[in-house]
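What follows is a single structure, written as structure tokens, with notes after it.
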Amino acid sequence: MNRDQFPCMRSFSNDVDATVNEAFLKNLDNLISQRTSFRDDVVSSQKCQRIVFTGHSSGGATAILATVWYLETYFTKKQIGGFPFPEPRCVTFGG
């Protein structure tokens, strides 16, 4: 994992970066890339709605990573344009 992008994804006892399945990380990279409107949708939704990340099977793993990305990117900053960012929800389903 990229420690600059995901500073919380590490072992606190020995400060070792987390290991994540490459396919799941690539799914997240595709989701949050500039080629999609996902980032804009996340920011615009914060003005009136709670965001829920959800997925089934491998989508569940991507949903978890997207939740961590959201927490690192937006929630820790608490607000943008005067609007607070609410806590996200993450719901995953097994296969």
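Every number here is computed from the coordinates shown, using simple stated rules; none is lab data. Bear in mind the structure is a predicted one, so any value in this text is a computation, not a measurement.
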**Item:** Rounded to whole Hz, the Karplus (6.51, -1.76, 1.60) HN-Hα couplings of the stretch 17-32, x for glycine and proline
**Value:** 5, 5, 10, 10, 3, 4, 5, 5, 5, 5, 4, 5, 4, 5, 5, 9
**Message:** Using amide H atoms built in the peptide plane, which far-off residues or other-chain residues are under 5 Å from residue 54 H to H?
**Reply:** 91
**Prompt:** What list of ³J(HN,Hα) couplings, whole Hz, do you get for the stretch 39-44 from phi and the Karplus terms 6.51, -1.76, 1.60, once you set θ to phi - 60° and write x for glycine and proline?
**Reply:** 4, 4, 5, 4, 5, 5
**Message:** Give me the Å³ per residue figure for the convex hull around the C-alpha atoms of the stretch 12-63.
**Reply:** 127 Å³
